[in-house]
Each structure stands twice: as structure tokens, then as C-alpha cells.
Amino acid sequence: MSITKRIKSVISGLIILFSAFGIQTITAQTVWLDQLDLSTATQGYGTPGSNKTVDGKPLTIAGKTYERGFGSHSESSLTILLEGKATLFTAQVGIDDEVKGQRPAAEFVVYGDNQKLWSSGVMRLGDTARTCSVKLNGVRKLELVVIDGGNGNYYDHVDWVDAKFETTGVATFKTFNPISNEQYILTPKPSASPKINSAKVFGVRPGSPFQFLVAATGDRPMIFSARGLPKGLKINKKTGVITGSLSKAGTFEVTLAAKNAKGKAEKKLRIVCGDRISLTPPMGWNSWNCFANEVSADKVKRAADAMVKSGLINHGWTYVNIDDFWENNRDSKDESLRGEFRDVDGNIVTNSRFVDMKGLADYVHDLGLKIGLYSSPGPWTCGGCAGSYGYEKQDAESYAKWGFDYLKYDWCSYGNVINGLPNNDPSKVSSLSYNGGNELNTAIKPFKVMGEYLRQQPRDIVYSVCQYGMSDVWKWGDSVNGNCWRTTNDITDTWVSVKNIALDQDKSAPYAKPGNWNDPDMLVVGHVGWGNPHPSKLKPDEQYLHISLWSLFSAPLLIGCDMEKLDDFTLNLLTNDEVIEINQDPLGKQATCLQTIGELRIYVKELEDGSRAVGFCNFGIDRADISYKDFEKLGLNGQFVVRDLWRQKDLSNLATESGELKLNVPAHGVVLYKFTPVK
Ligand code: GAL
């Protein structure tokens, strides 16, 4: 039966009036939400439920069961085309009782024609259902949205029950996903002649092993050279890898060159030998968003190989990072993960999938790449594997001995240390406890401990603090030697997740600087899926927006996908050197939103050469088609060359006083321009 027929057949609540002439007139009808096609909803994962939860169970809020409704995940969004024919939307909303872990919390919001019409406020598991009643006269498009309620778990089960519309006459409503599915490639193919794409600045500490790859596109063979290299460093002519070590602090201006049969390219590199490392945001790959607990040394090697084969290495992608599950988990049902945390001397023991960490690090280094790993300041990680609590010094020494270059240090079970709960039995308490993370003295301490031990190692280890932004980590992350810190809970490959994370970044922006980066979590393009990889659920325009924003944010760029399944569209997203250059700009500023026009948010990032990158970011579900003139609001005054960075094309020569820009920004999409002053 078609949706139209279905809706018509279930018209209920008819108010039938008899006119003075005895003619029956239908003046109102009720259309239940569960009668619409709910499959167009976007949500964390799973199938949206009609009259059932996402797990197919009865809808239950605070012990009360409801027969009708829409069961979904936070975060989620459902768009319904009402065309002005509904007068009222009513529902009861709440967190479903079926998932109890991680303190479920969510907020239900109703938008009509992009205006917020109603919000439930944050609701928690066990709260009795709240009543939503929204007048809709004239509303054409309605969005039912559920956002995270601050617990950072995007998988809470949420219910809109007894949800229905009142209309003034017979009406049919359509649900739809308003965002285009069209995949289009913007990044031009690199030319056959050499072009050097690596960052313009690199930091190293005196005495540490030096490794820097001159990333360059163009036909091979290629011959690399470097003028002005300080004593202690040498370049491999064939691979372009600079190695050695510097004994004294200082700044060195080097000219890199790459030559092939088609021509020669040069680029300046500033080597800063001193206290600070990670002078541009780290770029690389991390195993979590793709493999989660199924990571293995073999998969890591294959990801590293793919980084080279796909050509990503030629665009500056460097780190290959192992997330959770290289350590043992004492209680795992999976034999390859099960084992003791430490040997008799207290040294961390790797699980049977990672038999030779030093060999793995050597393998990755030999490709010209770097390697990272993961731990927790608590007794165990979020996945219940061995954490570093009580063994921080020994662990930092192991990482250095193996030759690791990057540590992601994840709060996880540290809350249990603060609680004084048993610290040796992950099965007794939930792994993730936020306790103590929101009080400064207890929040900072564990990261400081590891930060200091990392600094004592004879190699540079990028320190990535992961505690989801508690206690405004951006204000103190530098003081614990952190190079980057997560500002958010885990990202998912859904629009709602990317959007909410993006909208939350401005507050930490002033703290970004060379060596200190706000981390809005890893990239969700390509095949992602936390052990169950699928093509990213983000639409193509949403992916352009995601990469553009993370570039503007000076965010660490960590690819989260299966590197062996990189398709042309994803490669186009990850190999645009002009977009990457915005992220890697040596000034290290983070873009903020300087102007909002409806759902269009305009982000501006100042660059070292005096130019500005401007992202016109459309968070709305309609195309933004405007003539733009407010340049002074973006700090732009004078004559500029405007360049489209995704297309790598100059667009116009613009005088901000009299000129205007025609903008046509796709729904959930972006145009990313660079404004360079004409001297
Ligand atoms: C989470 C973290 C994720 C991932 C995971 C591993 O706490 O935010 O990025 O590292 O733990 O268990």
C-alpha cells in the first residue's frame, strides 16, 4: 500500500461537523508519526523503529510502555514535509529504558522551517516522558532532532511516543532526507612535475631522533635535496626523508628541492629546534573509527602500506596510530586479546596480535612514516585492556624503546581511581567514569604525570590528551605538555554528530597555537564503522564541509577509515593540498565563526602570509544562494584575490568596498575561499 493510501486509511480522530445545510465537512484529522516512512531518519546507527525501539523492543520510558511512536538513537534527525497543512504536533518524549550504560542523556528539539520551536531540555534515563506540543500553522518543513545530552554517548535510545499531527483537512505528509547524494570531485589531479606539499615548519627537541619526509607529488623517480640543512641532519636523495639529530636549539631556514624528468620544485622549510614539537597539527591515520577492537599489527602494516600506495604520503599524511586493543584484556572472550596486563617486572604486555612492537615501528619508519599508540591513565582502557595507572614511567620508557612517536592517552577508567573503586578488576565497574574529570585538581593530575615521563624520553612523542573536553582542557593542556586534546566526545559518521561538534569549537579556539591543537576527534570519511566498516553515512557535501571545517579548525587530521578501501571521492577529499595547507599554516590560528546568516555560518582563519581562509558553511537544509557584501565583518578590507581552494582556481579580484561575491552553497555543504591581499 502506498504511503498516501496508508495515511488516508488510518485517518482517526475525525471531527465531523454538520453544517446548517446538513453537509458533512472534514475539518480535522490526525496523522500519526509512526505511519510515515521513518527510514529517511539519520541516526547514530541501526534502523529507525516504527512502534518499537531501534532494538525492536516495546517503546518504554520510565517504566511505562507505549504502543505507538518512533524509536531512534541519539543523535538523530527526521525531516517531514508538512507544506503548511498541519496545525499541531504533539508527542511524549524520553530516553528508552532498554540501554542503561554510560548515563544516557539526550535533548529532543523540534525545528520548523529552520527555527527552533521546542526543546525538551536535557533528559536522562528514568525521567518520566515530557510533553511536546508545538503549534505548526504555516510550517512547511519540520525537523525532529535528538542531540546528545552531555554524556557524550551518541547511542542512547530515544523515543518520540504517541507522536501525531493535527491537520485542517485531509493531508499526506512525506518524510525525506533533504541532502543531495551526488558525489562530485573537486580536487584537481596533481601535475606530473614536482610539487612539495609538506608543512612549512617542523619542530624537534635537541638530541631527539629527527625524521621529516619531504612530501611531494609528481612523477617518480624524483631526486630530493635540501640547501642549508644544519649540521647533524642529512637528506636521503631517493626517498626525501631527512634524518639525524640536532644537538643545540636554534631556528634553521632550509630550502627543499624535488626534481624529476618534468621539472623542479623548491619550498622553504623552517626547522625549529627547541622545546616545542607538533608545530603544525598532526596528520595521519588511527585504527579506531575503522577497526575498533579488531585491530592487529597486520592491519596496521597494511594501513601504512596503503598510505604510501594511495599517494597520501605525498600530501603530508604521516602518523599511523594504533588505538585501543593492542594491549591485553583479561576478560575478553576473544582469545587473541586475553592475557595478563604485565609481566613479572611490571612491563606492559602486548596481546597476541602485536607480538613485535619494535618491529612494527621499524616497518612504519622504513616507509617514511611515523607510528603512534594508545593508553589510559586509569588501570584499564575504555576497552578494558591494560591502562598505565601506577606504571606510567615504565610505559613511557617502553613506548620510547619501541620507537613510538605519538601517544593518545584516554581518561577511561581514571574516574574509578578517584572513586577508590577496585583498580584491578575491569569487570566490577564500568570502564568509563567521568568522576573527577570535571574538577581541576583531579582532572589535570594524571595527564601531567604521563606528560612529564614522555618529556624524559630520548625521542619526541606527540602527546594527545583524550578526556573529551572535561574541565576546559584547552586552558591547561599545554601545562601538561599536551600537543593536542580532544574537545568533544566521540564522533560518529552522522550529520548530527559532525554538526554538533563543529558548532562547539569556538570556545576553545583562542587556545590553539603551534604545538597545541584542539582536537574535535577523527575524520569520518571513507569506510568507517568501528569494527563493522561501511561507507561513511555523511553525504558528499557533508564530507566536504567536515574536511573544510577540520582544516579551518587547525584540528589534528586523523583519517579513520579502512585505508585499503579508499575510493576516488575520499581520496579527492584527502589530497587537496590547498585545503591541507590551511590546516598546516604555521601561524597556527584556529578559525572561528564571525558571521551567521540564517543557517550559513562564516568561519575565518588568519594565515601566516596575511591572507585569510574563509569557509562559508551551510548548516541548513536549503541551498544558500546569496550576494555577499559584509566583508568588513570578516576583517577583510581592501583589494583581494579570491581563490576557490577546493577547485584550486582564482575566482576574482575583489575590492571589498564596492564588490560582492555570488555565493551558492549546497545544503550541508561549503565553499572554501582564500582572500589574499593584493600588494
Ligand atoms: C574512547 C575514545 C575513542 C577510542 C576509544 C577506545 O574513549 O574517545 O576515540 O579511543 O575510547 O576504547
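The condition (being touching a helix residue (DSSP H, G or I) at 6+ places or on another chain (Cβ under 7 Å) and within 24 Å of Gly284 (Cα to Cα)) is satisfied by just one residue among Ala257, Ala199, Ala215: Ala215.
Of the residues in region 256-268, none is more than 19 Å from Thr217 (Cα to Cα) and surrounded by fewer than 16 Cβ atoms within 10 Å (Cβ to Cβ). Checked against the criterion of being closer than 15 Å to Gly274 by Cα, modelled with pLDDT of 95 or more and in contact with a strand residue (DSSP E or B) (Cβ under 6 Å, 6 or more places away or on another chain), the candidates Ala226, Ala249 yield just one match: Ala249. In region 239-324, counting only strands (runs of 3 or more DSSP E) that sit wholly within it, the ones holding 3 or more residues that are away from the ligand (no atom under 16 Å from the Cβ) and assigned by TED's automatic domain parsing to the domain that holds Val201 span 241-244, 250-260, 263-273.
The set of residues in region 502-519 being buried (at least 21 other Cβ atoms within 10 Å of the Cβ) and either of a type in the set (Ser, Thr, Tyr) or within 12 Å of the ligand (Cβ to nearest atom) (or both) consists of Ser508, Asp519. Here region 628-664 is the region considered, the condition is being within 31 Å of the chain's Cα centre (by Cα) and either hydroxyl-bearing (Ser, Thr, Tyr) or assigned to a loop (DSSP other than H, G, I, E, B) (or both), and the residue that is surrounded by the most Cβ atoms within 10 Å (Cβ to Cβ) is Leu645. Of all the residues in region 111-135, those that are of a type outside the set (Lys, Arg) and more than 18 Å from Asp156 (Cβ to Cβ) number 10. Could you check Lys448 against (1) in a loop (DSSP other than H, G, I, E, B); (2) more than 16 Å from the ligand (Cβ to nearest atom); (3) among the charged types (D, E, K, R) and say which number it fails? Just one mismatch for Lys448, condition (1).
In this structure, Thr79 does not satisfy being under 25 Å from the mean Cα position of the chain (by Cα) and free of Cβ contacts under 8 Å to residues at least 12 places away in the same chain.
You will find that of Lys248, Lys234, Lys264, the residue that is over 28 Å from Thr570 (Cα atoms) and in contact with a Gly (Cβ under 7 Å, 6 or more places away or on another chain) is Lys234 and no other.
Contact map, region 552-565: first residue in contact (Cβ under 8 Å) with a residue 40 or more places away in the chain and closer than 20 Å to Cys466 by Cβ, second residue part of a loop (DSSP other than H, G, I, E, B) and charged (D, E, K, R), Cβ cut-off under 7 Å, separation 6 or more or different chains; pairs are Ser554/Lys589. Being outside any loop (DSSP other than H, G, I, E, B) and surrounded by fewer than 24 Cβ atoms within 10 Å (Cβ to Cβ): is that true of Leu229 here? Here the answer is no, as Leu229 does not meet what is asked.
Within region 385-414, take every residue that is surrounded by 24 or more Cβ atoms within 10 Å (Cβ to Cβ) and assigned to a loop (DSSP other than H, G, I, E, B) and give me the one that is farthest from the ligand (Cβ to nearest atom). Checking each candidate, the answer is Asp405.
What are the pairs, 6+ residues apart or on separate chains, where a residue within region 95-117 that is over 16 Å from Leu82 (Cβ atoms) and outside the structural domain of Glu143 (by TED's automatic domain parsing) has its Cβ under 7 Å from a residue that is at pLDDT 95 or above and outside any strand (DSSP E or B)? Pairs that qualify, where the first residue is over 16 Å from Leu82 (Cβ atoms) and outside the structural domain of Glu143 (by TED's automatic domain parsing) and the partner is at pLDDT 95 or above and outside any strand (DSSP E or B): there are none. Taking Ala361 as the residue in question, decide whether it is closer than 29 Å to Gly437 by Cβ, surrounded by 21 or more Cβ atoms within 10 Å (Cβ to Cβ) and not basic (Lys, Arg). No.
Annotation: of all residues in region 325-354 being part of a loop (DSSP other than H, G, I, E, B) and within 15 Å of Lys401 (Cα to Cα), the one that is nearest to the ligand (Cβ to nearest atom) is Val349.
The values are calculated or read from the model by the stated rules, or taken from the named source; none is laboratory data. All figures in this text were calculated on a predicted structure; none of them were measured in a lab. Because the Cβ atoms are built from the backbone with ideal geometry, glycine has one as well, and the counts that use them run over all protein chains shown.
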